[in-house]
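What follows is a short report on a single structure.
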Amino acid sequence: MNEAQSLNKPTTSYSASIISDKKEESPPVSQEVITEDDHDEDNEHLEFGIDRSKQGSTGTGALGLPYALAQGGWIGLFILCLSWILSVYTGVLLIRSMYYDGKNRLSSYQEVATAAFGVFGGWIAFFFTAITLVGVPVLYLLLSGLNLHNVAKGSSAELTFPIWVIICTCIVAIPFLFFRSMKEMTFLSIFGMLSTVVVILIVLGVAVKEAPDHVDSHHDGVIWNMFPIALSSISFSFGGNPVYPHVEQSMRNRRDWNKVITAGLTFCVLLYFLAAVPGYYVYGSGSLSPIYESLSDTNKGPKFASIIIITIHLILTTPILLTSFALDVEKMLKINPEHRSFVVEWTLRFMFRGALIVVIAVIAIFVPFFGDFMSLLGAFSNCALVFIFPVVFYYKLTGVKGKPWYEYILAFLTLLLGVVGLIFGTISAIEALNDDFKNN
């Protein structure tokens, strides 16, 4: 589950990347025998020259946490708690920054950045926000199409990967084109949240059932050489900051923001623990991402249901993220009732959003290794938007002096987590891209 769905919206809770399956070392050419059947089997994975068989589903938020614990050990639970506390803190700081002068309310992340560091700072924030709010929907459409393609393979409903992506895009386009603001997206957020809860409960039930078969699972307290990567992965489980301004704006009583974000992220972290602890305890170092991939073949029904339900979650999440991005751009282009007539406003909005959804679908279908490219960009954007920028902007706008002592400690820990996540997330993404190009 993405934490802001409990705040009436989803976010980019990464691992927001598509993880390439590990490839076994090939035998020498002289020993390799390639039959015609093998060649045909290889070709059926190719779509427009892109090998989709080597792009696996990633766990969105909770479903990827058991794998993160397998990377770093049980200490990852401490990182998860720390990330939760610091994410609440930065969510509070971001909204505080929007009211920094006590007179006017800034309306977006970009406006906060502009107030703090001028036009250049505003465009930097907009660039990182765009990476998240456009890049993640591309991944979600790609994953949705890939999931449905794999589930339907061999049945009467079998279709090619591009067609499934187009179908998912059409479903996403309906609310995205016709719902103007975040208020109208509330029901999507509720169903998206419920779908994730259902998947977690399914996996939890099956994991408990399979526990006797995994009594020898290996667990570590901490894996020091993988600890930074695990820290980076777990810190990505909280990424709602780019849409917080729009959520806060849609609230009936904005003074309750601190209570709302604390309650929402607390609910999310409880679900995260519900997925992470049993998943890693049962499957140990063999935990996969998403965790339902660890279920045995004897439980195909629950695994099938999990894939379908999480695909529904991805489809419901996508229009909310896109709407948040569209609202920022539409304000810049003055596509609103204050500057346009009703007909002109809706015509321009329809054209802009229609073009955006088409571009996203094209990227999902045609761009190879997009998941790992997104991991590289996301290492910068997520860490900056969630951990670094809110602290820097807040202290720039309100001054360094006069804060409670504990806020300085929280600010230091937040910046430290953001920098570490950025550095090691970038290293991991570069290594993944390097492997992609080597094996292509």
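The values are calculated or read from the model by the stated rules, or taken from the named source; none is laboratory data. Not measured: the values here are computed from a predicted model. In this analysis, Cβ positions are derived from the backbone assuming ideal geometry, glycine residues included, and neighbour counts consider all displayed protein chains.
Points worth noting:
- Selected residue (only one of L270, L316, L231 is aliphatic (A, V, I, L, M), modelled with pLDDT under 90 and either touching a helix residue (DSSP H, G or I) at 6+ places or on another chain (Cβ under 8 Å) or in a helix (DSSP H, G or I) (or both)): L231
- Check on I171, modelled with pLDDT of 90 or more, closer than 30 Å to M351 by Cβ, more than 19 Å from the chain's Cα centre (by Cα) and not in a loop (DSSP other than H, G, I, E, B): yes
- Counting only residues that are assigned to a loop (DSSP other than H, G, I, E, B) and either within 18 Å of L86 (Cα to Cα) or modelled with pLDDT of 95 or more (or both), the range 376-414 holds 2 of them.
- Criterion: touching a Gly at 6+ places or on another chain (Cβ under 7 Å), touching a residue at least 24 places away in the same chain (Cβ under 8 Å) and of a type in the set (V, I, T) - qualifying residue of I360, I261: I261
- If you go through the range 71-99 and pick out every residue that is touching a residue at least 12 places away in the same chain (Cβ under 8 Å), surrounded by fewer than 18 Cβ atoms within 10 Å (Cβ to Cβ) and among the aromatic types (F, W, Y), you end up with 1.
- Only one of F424, F350, F370, F393 that is touching a residue at least 60 places away in the same chain (Cβ under 8 Å), under 29 Å from A326 (Cβ atoms) and within 21 Å of the chain's Cα centre (by Cα): F370
Conditions tested, residue by residue: (1) of a type in the set (S, T, Y); (2) under 26 Å from S250 (Cα atoms); (3) in contact with a Cys (Cβ under 6 Å, 6 or more places away or on another chain); (4) touching a residue at least 60 places away in the same chain (Cβ under 8 Å).
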{"position": "L142", "(1), (2), (3), (4)": "no, no, no, yes"}
{"position": "S156", "(1), (2), (3), (4)": "yes, no, no, no"}
{"position": "F161", "(1), (2), (3), (4)": "no, no, no, yes"}
{"position": "F176", "(1), (2), (3), (4)": "no, yes, no, yes"}
{"position": "F187", "(1), (2), (3), (4)": "no, yes, no, no"}
{"position": "V203", "(1), (2), (3), (4)": "no, no, no, yes"}
{"position": "V206", "(1), (2), (3), (4)": "no, no, no, yes"}
{"position": "P212", "(1), (2), (3), (4)": "no, no, no, no"}
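Here's the yes/no breakdown for (1) part of a helix (DSSP H, G or I); (2) surrounded by fewer than 17 Cβ atoms within 10 Å (Cβ to Cβ); (3) among the acidic types (D, E); (4) at pLDDT 90 or above:
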site	(1), (2), (3), (4)
L322	yes, no, no, yes
P337	no, yes, no, no
F352	yes, yes, no, yes
I357	yes, no, no, yes
V362	yes, yes, no, yes
P368	no, no, no, no
M374	yes, no, no, no
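- Any hit, the range 296-305, residues being over 24 Å from I95 (Cα atoms), hydroxyl-bearing (S, T, Y) and at pLDDT below 90: yes
- Entry remark, the range 284-320: residues being crowded, with 18+ Cβ neighbours inside 10 Å, aliphatic (A, V, I, L, M) and farther than 16 Å from Y140 by Cβ number 3 in total.
- For the range 178-185, the criterion of a residue being more than 18 Å from L397 (Cβ to Cβ), at pLDDT below 95, surrounded by 24 or more Cβ atoms within 10 Å (Cβ to Cβ) and not aromatic (F, W, Y) is satisfied by at least one position.
- Taken as a whole, the range 213-233 holds at least one residue that is out of contact with any Phe, Trp or Tyr (no Cβ under 8 Å at 6 or more places or on another chain), more than 30 Å from I430 (Cα to Cα) and either buried (at least 19 other Cβ atoms within 10 Å of the Cβ) or of a type in the set (D, E, K, R) (or both).
- Among residues of the range 243-255 that are within 15 Å of T323 (Cα to Cα) and at pLDDT 85 or above, those with a beta-carbon under 7 Å from a residue that is of a type in the set (V, I, T) and part of a helix (DSSP H, G or I) at least six positions away or on a different chain give the pairs Y244/I95; E248/I95.
- Hey, N258 surrounded by fewer than 17 Cβ atoms within 10 Å (Cβ to Cβ), closer than 23 Å to L413 by Cα and among the polar types (S, T, N, Q) or not: yes
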